[in-house]
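The values are calculated or read from the model by the stated rules, or taken from the named source; none is laboratory data. Treat the numbers as computed from the prediction; the structure is a model and nothing was measured. No Cβ is skipped: glycine too gets one built from the backbone with ideal geometry, and neighbour counts run over all protein chains shown. Accessible surface is based on the protein model in full, side chains and every heavy atom, while ligands, DNA and RNA are left aside. Shrake-Rupley method; radii C 1.70, N 1.55, O 1.52, S 1.80 Å.
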Amino acid sequence: MPIAVSQIPASKGQVLPPANLATLNDILTAWQAGKISYRQALELTGIDNLFDLYQAAISSDVKIRTALIPREQRIADAVTAAIKAARKNQTSASSKK
Amino acid sequence: MKTTPITLVVADAGPLISMALANQLKLLFTFDKPVYVLDVVKAECLRKSDAPDREILRNWLGSNESQISIINSPIIKPFNDALRLEETGEQPHATQGLGDAAIAWFVANARRICAPDALSLVLTEDAPFGDTVLARNVHVLSTRPWLKTLENFGLIVSAQDVLKQIELNGRKVSRYNVDRPAIIPTTNPNKSLKSDWKAPLAKKPSGRGGIDD
């Protein structure tokens, strides 16, 4: 007679994710919807790199999002502005020489 | 919400061998329902007399007959014939491709073989097969995310520990990660549903205390 799985206790202090983030498909869907970060997705899925995470999404029929979500857009805008400012400073510094 | 009963089908020998090596074959009874195993998969598991998992699997298959349904496929005859050719050394790779043929046959006949209202959850470790061949009428799941989900439901302590145990016994579980829902048609031709296999797990008493979405 097999041991029922329910007889295996969760370890003390084991932190479990919410049920809507328990399966690979749920986690990948939430990641691509921008609800969780890729780092959280890696942790929750036990997958150890971003390439495999994308591969899992493709295999699991989770649509890969190409448009940026507002949070990513804000970061992209901030980084773009910082790079532009740095280039401008570099250009003016070299023209003074 | 209407839920669809799940039938777990082990479609390639990989998950059975992995669980045998980790001494975790009991996890296959997670859904408290009979587990379906293709006859070709059973034959594949029991073929190598020197494999460490062979006796474990033989005992498991023998002592859980009420909970394991062997699916008889027309592929078993050519498989056994090919096995003999391999054993005599006449054709060293004679069985190649026959396991895949058995799965293809199962997928085409899934509704007839399993309960007609049940959704087949196909457990596999075979990436090319899972990604390209398995049809959309079955939910495809590979060993790694299955174990991780059991961990996420508090039903096992650590998926990583199970994977390490398998590795310690000489087998590396494929890195294949898939959890691809089946497409379930509805009465509305423009609308379909996706399968979700976690509901039976959520009903179990575990560290998480049930489903909350």
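Taking label positions 7 Å along the Cα-Cβ direction at both B:Asp50 and A:Gln40, the computed distance is 5.1 nm, reported to one decimal.
Which entries in the list A:Lys63/B:Lys191; A:Lys63/B:Lys148; A:Lys63/B:Lys164 go over 20 Å, if you measure between the two C-alpha atoms of each? Display every interim value, and only then the final one.
On the way: A:Lys63/B:Lys191 18 Å; A:Lys63/B:Lys148 22 Å; A:Lys63/B:Lys164 31 Å.
Cα-Cα > 20 Å for A:Lys63/B:Lys148; A:Lys63/B:Lys164; rest within.
Given Cα pairs under 8 Å that are at least 6 residues apart, what percent is the relative contact order of the stretch B:112-213?
Working: 124 pairs, mean separation 26.7, N = 102.
Relative contact order here is 26 percent.
With a 1.4 Å probe rolled over the protein heavy atoms of all chains, the accessible area of B:Ile70, A:Ile83, B:Ile17 falls in the order A:Ile83, B:Ile70, B:Ile17, largest first.
Return one whole number: the accessible area per residue of chain B in Å², for a 1.4 Å probe. Can you show the working numbers first?
Numbers: 9950 Å² over 213 residues.
Using a 1.4 Å probe on heavy atoms only, each residue of chain B averages 47 Å².
When you look at the Cβ of every residue in B:143-150, what mean number of other chain Cβ atoms sits within 10 Å?
Partner-chain Cβ atoms within 10 Å, mean over residues of B:143-150: 5.
Percent relative contact order of chain A, based on C-alpha pairs within less than 8 angstrom and at least six residues apart?
Relative contact order for chain A comes out at 19 percent.
Size descriptors for the protein assembly as shown, from the alpha-carbon set: Rg then Dmax equal 23.0, 86 Å.
Considering only Cα atoms, the convex hull volume of chain B works out to 130 Å³ per residue. Shielding by partners for peptide A:15-21, expressed as the average number of C-beta atoms from other protein chains within 10 Å of each residue's C-beta, is 5.
On the protein heavy atoms, probe 1.4 angstrom, tell me the percent of accessible surface of the protein assembly as shown carried by carbon and sulfur.
Numbers: 8940 of 16440 Å².
The computed percentage sits at 54.
Among the residues of A:50-60, the average count of other protein chain beta-carbon atoms within 10 Å of the residue beta-carbon is 4.
Leaving out ligands and nucleic acids, note down the accessible area per residue over chain A with a 1.4 angstrom probe, in whole Å².
Details: 6490 Å² over 97 residues.
Accessible area per residue, chain A: 67 Å².
Identify all lysines with a Cα-Cα distance to A:Lys84 below 28 Å; exclude those on the same chain that are fewer than 8 residues away in sequence. By straight Cα distance, A:Lys84 reaches A:Lys96, A:Lys97. The stretch between A:Ser94 and A:Phe51 holds 11.5 nm of extra length on full extension. This uses 0.36 nm per residue minus the Cα-Cα distance. Here A:Glu72 sits with roughly 60 square angstrom of accessible surface, probe radius 1.4 Å. Relative to the longest principal axis of the Cα atoms of chain A, the long axis of helix A:70-96 makes an angle of roughly 30 degrees. Once all protein chains are placed together, B:His93 keeps about 130 Å² accessible to a 1.4 angstrom probe. A straight chain from B:Ser158 to B:Ser63 at 0.36 nm per residue would run longer than the Cα-Cα distance by 31.5 nm. Computed on protein heavy atoms with a 1.4 Å probe, the accessible areas place A:Tyr54, B:Tyr36, B:Tyr176 in the order A:Tyr54, B:Tyr36, B:Tyr176, largest first.
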